[in-house]
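The values are calculated or read from the model by the stated rules, or taken from the named source; none is laboratory data. Not measured: the values here are computed from a predicted model. Because the Cβ atoms are built from the backbone with ideal geometry, glycine has one as well, and the counts that use them run over all protein chains shown. Areas reflect the complete protein model, heavy atoms only, side chains present, ligands, DNA and RNA absent. Shrake-Rupley method; radii C 1.70, N 1.55, O 1.52, S 1.80 Å.
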Amino acid sequence: MSASTVAVIVVAAGSGTRLGHSEPKAFVPLGDDTILGVALDAVLGMRETPHVVVVVPVDRVDETRSRYEAVAAAASAPFDVVAGGATRQESVANGLAALPRAVDTVLVHDAARPLTPSIVFDEVVASVRSRRHGVVPALDVVDTIKRVGDHGRVLETVDRSELAAVQTPQGFPRHALVAAYAAATTEFTDDAALVASAGLVVDVVPGDARSFKVTLPADLRRAESIVAERTAIPPSNARPAVVPRIGTGIDVHAFADDPKTPLWLAGLHWPGERGLSGHSDGDAASHAICDALLAAAGLGDVGEIFGTGDPRFEGAHGEVFLTETVRRVRESGYVVGNVTLQLVGNRPKIAPRRAEAEALLSSVVGAPVSVAATTTDALGFAGRGEGVAAIATALIVPA
């Protein structure tokens with residue numbers, strides 16, 4: 001086997017007492033395997049074959065090695081099993097100590113999140129290498145959050161726009177993670193907090209709804225149901241449940257009557273340009289992309305999900321719509337492959353800011369977005385300068 005430059009430390013040393021089983025959580029049955037086995041399937045499905053280090057209770061080291069060593073070998077993945085420590089932090093440190101010199105990127109993953117798709121691991125690796133610092137997947141917090149005091153008394157409502165529900169795998173340049181662990185003097189709940197405590201940068205990237213943590217019996221039942229659906233044999237004449245899909249979206253907005261209305265288009269603010277009318281910020285480009293993604297996933301359209309009667313979206317920027325749309329696409333079992341956007345109108349002039357628009361939209365969507373623009377040779381409402389039209393085409397692929 002050639003040396004891997006990326007490693008995944010799978011933390012599986014916890015007791016999992018809240019799950020209600022006598023054996024450690026990672027060894028609780030899930031489908032035809034265990035929670036740990038299902039988690040390893042995703043790790044071994046990564047695009048780049050990783051060096052896998054599994055951290056387990058000391059009395060499970062030999063059992064784990066004999067059970068999964070051949071599975072890793074079949075995937076050509078270097079494989080080690082080490083004993084965990086008294087805390088999660090000690091367990092990760094033991095895993096780090098087992099890594100060979102060739103590894104430059106390290107992902108730390110909780111076996112208790114067994115259904116995390118392989119593509120999430122791939123995306124974290126790519127982000128760590130491009131940004132050269134820590135990266136963690138996370139989901140937006142959609143519930144209203146209250147800070148509660150003694151006896152259940154509500155003290156305040158927390159601004160959820162600044163909150164994120166963090167998941168694993170969490171990825172880091174190896175040298176940064178090793179240095180942070182060497183400097184740590186207290187216990188942290190996750191590796192991102194430990195790294196941040198050392199003054200190092202950590203970014204958030206989109207997580208996945210399937211990467212939930214198995215903690216309580218209800219979580220295990222949910223995981224069992226998903227695994228059962230995965231392994232169900234469809235009828236011989238059944239069409240594949242998950243295939244690449246394409247959607248098209250079109251949106252049109254007139255210029256606002258008030259010349260002081262700011263223009264937001266393709267996620268950007270255009271100073272000095274008259275804005276577009278609409279319940280939100282009138283960003284026809286972002287709305288067309290949302291419609292294309294929703295159409296591809298069979299999830300409806302912008303008007304159905306972000307209705308004008310919903311006061312939450314009054315004046316909302318296109319990024320709000322795009323973020324929620326991408327989340328829904330992911331929940332349906334797909335990720336965005338790429339998007340093309342064509343803007344039709346006399347103004348604003350897109351060319352000077354095309355690269356800026358493509359970079360912003362790509363970062364929000366999590367996939368390449370190409371932007372083009374054209375006029376209509378003075379024909380129609382766009383040619384008369386009455387508004388802007390946007391046409392988007394989106395490709396989504398199985399997660």
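Starting from the Cα coordinates of the chain, work out the convex hull volume and express it per residue in Å³.
Residue-normalised Cα hull volume stands at 193 Å³.
With both partners inside the chain, how many of the DSSP beta bridges are antiparallel, as a percent to the nearest 5?
60 percent
Given an 8 Å cut-off on Cα distances and at least 6 residues of separation, report the relative contact order of segment 1-119 as a percent.
41 percent
Given points 7 Å out from each Cα along the Cα-Cβ axis, report the residue 133 to residue 101 separation in nanometres with one decimal.
The two pseudo-label positions are separated by 2.9 nm.
Would you please put 86-95, 61-70, 275-284 in order of how densely packed they are, using the mean number of other Cβ atoms within 10 angstrom per residue and starting with the highest?
275-284, 86-95, 61-70
Go ahead and run the numbers for FRET between residue 317 and residue 376, Cβ-Cβ distance against an R0 of 25 Å, rounding to 0.05.
So, using R0 = 25 Å, E works out to roughly 0.40.
In nanometres, what is the gap between the two model label sites at residue 148 and residue 74, each 7 Å from Cα along Cα-to-Cβ?
Here the modelled spin labels are 4.6 nm apart.
Which residue fluctuates most in the GNM of the chain (Cα springs below 10 Å): 171, 380, 333?
380
So what's the net charge close to residue 248: Lys and Arg +1, Asp and Glu -1, counting the other residues with Cβ under 15 Å from its Cβ?
-2
Evaluate 2.2 N^0.38 Å with N set to the residue count of segment 38-77, then give the Cα radius of gyration divided by it.
That works out to 1.16 for segment 38-77.
Per 5 Å bin, what percent of the C-alpha pairs of segment 1-96 does each bin hold, from zero upward?
Spelled out per bin, shortest first, that is 3, 14, 24, 26, 20, 9, 3, 1, 0.
Of all beta bridges DSSP finds with both residues in segment 20-176, what is the antiparallel percent, to the nearest 5?
75 percent
So what J values fall out for segment 135-141 if you push phi through Karplus, 6.51 cos²θ - 1.76 cosθ + 1.60 with θ = phi - 60°, rounded to Hz, Gly and Pro as x?
After applying 6.51 cos²θ - 1.76 cosθ + 1.60, I find 9, 10, x, 7, 10, 5, 7 Hz.
Given a cut-off of under 8 Å on Cα pairs at least six residues apart, what relative contact order in percent is computed for the chain?
Computed over the chain, the figure is 14 percent.
In the chain, which helices (entire DSSP H runs) extend 15 Å or more along their own long axis, judged by Cα positions, while averaging at least 0.5 on the Kyte-Doolittle scale?
Result, helices passing both filters: 118-131, 284-297, 354-365.
I want the antiparallel fraction of DSSP beta bridges within segment 1-90, as a percent rounded to 5.
If we restrict to bridges inside segment 1-90, about 15 percent are antiparallel.
Ordering 386, 324, 229 by accessible area with a probe of 1.4 Å, largest first, what comes out?
In descending accessible area the options line up as 229, 386, 324.
Given 10 °C and 1.306 mPa s, compute D for segment 113-261 with the Stokes-Einstein relation, Rh being the Kirkwood radius over Cα pairs; round to the nearest whole µm²/s.
81 µm²/s
Taking the full set of protein chains and a 1.4 angstrom probe, give the accessible area of residue 350 in square angstrom, rounded to the nearest 10.
Here the residue's solvent-accessible area equals roughly 20 Å².
Stretched out fully, how many nm does the piece from residue 140 to residue 355 gain, at 0.36 nm a residue minus the Cα gap?
74.7 nm
Does segment 52-121 come out rounded, prolate or oblate by the C-alpha gyration tensor, with a ≥ b ≥ c the root eigenvalues, rounded set by a/c under 1.5 and, if not, prolate when a/b is larger than b/c and oblate if not?
rounded
Sort 181-188, 134-141 for me by packing, meaning the mean count of neighbouring Cβ atoms within 10 Å per residue, highest on top.
Descending mean neighbour count gives 134-141, 181-188.
Give me the percent relative contact order of segment 283-399, please, defined on Cα pairs under 8 angstrom at least 6 residues apart.
Relative CO of segment 283-399 lands at 37 percent.
For a protection proxy built on the mean count of beta-carbon atoms within 10 angstrom, sort 357-365, 290-298 highest first, please.
So the order, starting with the most tightly packed, is 290-298, 357-365.
Please report Rg (one decimal) and Dmax (integer) in Å for the Cα set of segment 248-399.
Final numbers for Rg and Dmax: 14.6, 44 Å.
In terms of the ratio Rg/(2.2 N^0.38 Å) built on C-alpha atoms, what value belongs to segment 112-163?
For segment 112-163, the normalised Cα radius of gyration comes out at 1.70.
Using 7 Å Cα-to-Cβ label points, what is the residue 48/residue 222 separation (nm, one decimal)?
Here the answer is 3.1 nm between the modelled labels.
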